[in-house]
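The values are calculated or read from the model by the stated rules, or taken from the named source; none is laboratory data. Values in this document were obtained by computation on a predicted structure and should not be read as measured data. Cβ sites come from the backbone with ideal geometry, for glycine too, and all protein chains shown count toward neighbours.
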Amino acid sequence: MLRSILKYAGKYKILTVLATVLVAFAVVAQILPYFFAYQVISLLIAGEGIAWQFAVVRVIGVAVCLVLNFVLYLGGLALSHVAAYNTLFNLRVSLQGKLEKLPLGVVQEKGTGNLKKLFVDDVESMELLLAHAIPEGVGNLLIPVGVLIAMFAVDWKLALLTLVMVPVGVWAVMMMTRAGFQKMDSYYRSAQVMNNTIIEYVNGMEVVKVFGRDGDSYKRYQRDVTAYRDFTLEWYRVCWPWMAVYAGVFACCALFTLPFGGMLVINGWSSLADLILVLCLSFGLGGPLLKAMRFVPSLAQVDRKVKELEKTLDAEPLKSGGKAFTGKGNAAAFENVTFAYAEKDVIKDVSLVAKEGKKTALVGESGSGKSTLAKLLVHYYDVGGGKITLGGQDIAELSLEALNARISFVSQDNFLFNTSIYENIRAGKPSATREEVLSAAEKAQCMEFIERLPNGIDTLAGDCGNALSGGERQRVSLARAILKDAPVVILDEATAFADPENEEKMERAISEVVKDKTLIVIAHRLASIQNADKIYVLDGGKVAGSGTHKELLESNEIYKRLWRISEDSAAWNVVGTKGGEA
């Protein structure tokens, strides 16, 4: 287990070793005063006088040992903390590298709460192992071994009496660890669920309030937090009795030594001086053992966390080549593509082509696979079968940088960073000048709302862009796409949050994005794609028809039904309570 975490220590591993040595010497300095006390007590029992020089030297020895214990312990822990935090840094960098190689869709499926717990809570909890459990645990384990050897060298009979309690304490630790392991999985699963629920509860609070779902939402929140509490207490409940056993046993290592050792002395089988020395040594045995055992549960937890971290990020990495784009043109083609979410087929042998410079639309009911096809084209996932090409080149051969340079993806879920609107737009082309960013914002119809903001385009967008409305966030995303100027553009419900007043502005912004581009549009409002050069109708993950708007209205029942529903919804009115229009 230590090997699994220390492999991330790199050059700082030597600091962990040095810290362990310093702590071990600190524990030695903590035990030596018992020898000085023994020297004084043995003379007093023998009825011999004690010279003041002899006493002063022992007192000075005790003082020096106490100072050494403080300095060495502090120095060891300082080094172990330097090693620990650099190891955690290396671990997070390593995990981040693995995370970047995973398909983006897989990352999203894991959930923000789960990833936050893994990267922040679980990694941070390993600080206890690296900074304390290794140097203190190992140091405090080595010294009792040395003390027991010294006891056997003094009197093996008295040493055995002292040793009786150690196996009892070790047995209690083993029972506690085994019982804890049985409850640990439930504890960590409940912690992951609670993290996801808390984040979802906070992010969805606006919707909960608007629709009056406080009760249902809070019930789930309360249920998952209560479950975490119950699993935690259950875990502690099975461990506490064993903790009490080993804590009591190690604190009383002289429990058998004192009475039975006294009998050995009375019968002349051991000397009083040896009994006193062994008793003094036993006082230096329990403390280090208790400190060492304190870290045993953390060793079990960290072992589980390291495995969980590596298991969570052990998914199949995204298959991405390192080639530059060498295709001819910018046509996007799906050739017998299949794909499944968690072994459930959602794309089934789909073949279609989005021609260069043409507008291609994907329509179908929710769950038909439209957005999944778009995500496959931008390589959120690897296809299960078939292939996707861009300009005739398989996208799996391209480096992600090369593929991303060719495609602009504007979805209905637009994420903005908590930085200025200017920086959010410039993310589409980091090398852009301020004039280019302002021009893109102008073309995306952003300037109207930007001019009303206190700091104009330098105003902060807020967490996840929450300082802006949904339509404003979409226009900022369109500005990014305009600035990027990629030859292939995917619009996934790009006007989903636009109100009637702003829809015309959004359409003008989109026209700036798609000039002379290979355009793929996903839309529920079919009126917006009736002028498409080619429309593909999807049903249950399959292509159920293709053609122009006119051709499909004449030949495809699914498209006719979708068009009728779209027309009917466009004609909806809000009716007042007395039967008139509101």
Query raised in the report: Just one of the numbered conditions (1) out of contact with any helix residue (DSSP H, G or I) (no Cβ under 9 Å at 6 or more places or on another chain); (2) at pLDDT below 85 is not true of residue 452; which one?
Result: (2)
Query raised in the report: Restricting the stretch 535-563 to residues that are aromatic (Phe, Trp, Tyr) and in a helix (DSSP H, G or I), which is nearest to residue 372 (Cα to Cα)?
Result: 559
Query raised in the report: If we scan the stretch 87-97, do we find a residue that is in a loop (DSSP other than H, G, I, E, B) and within 30 Å of residue 311 (Cα to Cα)?
Result: no
Query - Single match in 42, 80 (criterion: in a helix (DSSP H, G or I) and under 30 Å from residue 311 (Cα atoms)) - result: 80
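Taking the stretch 277-289, which residues are surrounded by 17 or more Cβ atoms within 10 Å (Cβ to Cβ) and of a type outside the set (Val, Ile, Thr)?
Answer for the stretch 277-289, where residues must be surrounded by 17 or more Cβ atoms within 10 Å (Cβ to Cβ) and of a type outside the set (Val, Ile, Thr): 277, 279, 280, 281, 282, 284, 285, 286, 287, 288, 289.
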Report task. Filter the stretch 507-558 down to the residues that are of a type in the set (Ser, Thr, Tyr) and more than 19 Å from residue 334 (Cβ to Cβ), then identify the one that is surrounded by the most Cβ atoms within 10 Å (Cβ to Cβ). Result -> 528
Query raised in the report: In this structure, does residue 299 turn out to be modelled with pLDDT of 75 or more, hydrophobic (A, V, I, L, M, F, W, C), touching a helix residue (DSSP H, G or I) at 6+ places or on another chain (Cβ under 7 Å) and assigned to a helix (DSSP H, G or I)?
Result: no
Query raised in the report: Going through the stretch 135-175 one residue at a time, which ones are touching a Ser or Thr at 6+ places or on another chain (Cβ under 7 Å) and in a helix (DSSP H, G or I)?
Result: 135, 138, 139, 151, 157, 158, 161, 162
Query raised in the report: Which condition does residue 229 not pass, out of (1) farther than 25 Å from residue 283 by Cβ; (2) at pLDDT below 80, if it passes all the others?
Result: (2)
Requested in this report: Can you tell me which residue among 80, 42 is crowded, with 20+ Cβ neighbours inside 10 Å and of a type in the set (Ser, Thr, Tyr)?
Outcome: 80
Report summary line: When the stretch 394-427 is checked residue by residue, the ones that are in contact (Cβ under 8 Å) with a residue 40 or more places away in the chain and among the β-branched types (Val, Ile, Thr) are 407, 410, 419, 421, 425
**Report entry** Options 399, 408; residue that is over 14 Å from residue 104 (Cα atoms), surrounded by fewer than 21 Cβ atoms within 10 Å (Cβ to Cβ) and of a type in the set (Ser, Thr, Tyr)
**Finding:** 399
Report task. State yes or no: is residue 274 within 30 Å of residue 42 (Cα to Cα) and either surrounded by fewer than 22 Cβ atoms within 10 Å (Cβ to Cβ) or modelled with pLDDT of 85 or more (or both)? Result -> yes
Query raised in the report: Could you list, in sequence order, the residues of the stretch 1-39 that are of a type in the set (D, E, K, R) and not in a loop (DSSP other than H, G, I, E, B)?
Result: 3, 11, 13
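Specify which of the listed residues (244, 227) is among the small types (Gly, Ala, Ser) and either surrounded by fewer than 17 Cβ atoms within 10 Å (Cβ to Cβ) or not in a helix (DSSP H, G or I) (or both).
Working: 227 fails: either surrounded by fewer than 17 Cβ atoms within 10 Å (Cβ to Cβ) or not in a helix (DSSP H, G or I) (or both).
That would be 244, the only listed residue that is among the small types (Gly, Ala, Ser) and either surrounded by fewer than 17 Cβ atoms within 10 Å (Cβ to Cβ) or not in a helix (DSSP H, G or I) (or both).
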Report task. Scan the stretch 372-409 for residues that are more than 25 Å from residue 476 (Cβ to Cβ), of a type in the set (D, E, K, R) and in a helix (DSSP H, G or I) and jot them down. Result -> 397
**Report entry** Number of the condition not met by residue 430 [criteria: (1) touching a residue at least 60 places away in the same chain (Cβ under 8 Å); (2) out of contact with any His (no Cβ under 8 Å at 6 or more places or on another chain)]
**Finding:** (1)
Report task. Report yes if some residue within the stretch 125-138 is surrounded by 16 or more Cβ atoms within 10 Å (Cβ to Cβ) and under 30 Å from residue 318 (Cα atoms); otherwise report no. Result -> yes
Query raised in the report: Within the stretch 261-271, can you find the residues that are surrounded by 15 or more Cβ atoms within 10 Å (Cβ to Cβ) and in a helix (DSSP H, G or I)?
Result: 261, 264, 265
Query raised in the report: Restricting the search to the stretch 416-473, which residues are small (Gly, Ala, Ser), farther than 16 Å from residue 510 by Cβ and in a loop (DSSP other than H, G, I, E, B)?
Result: 427, 431, 432, 461, 462, 467, 469
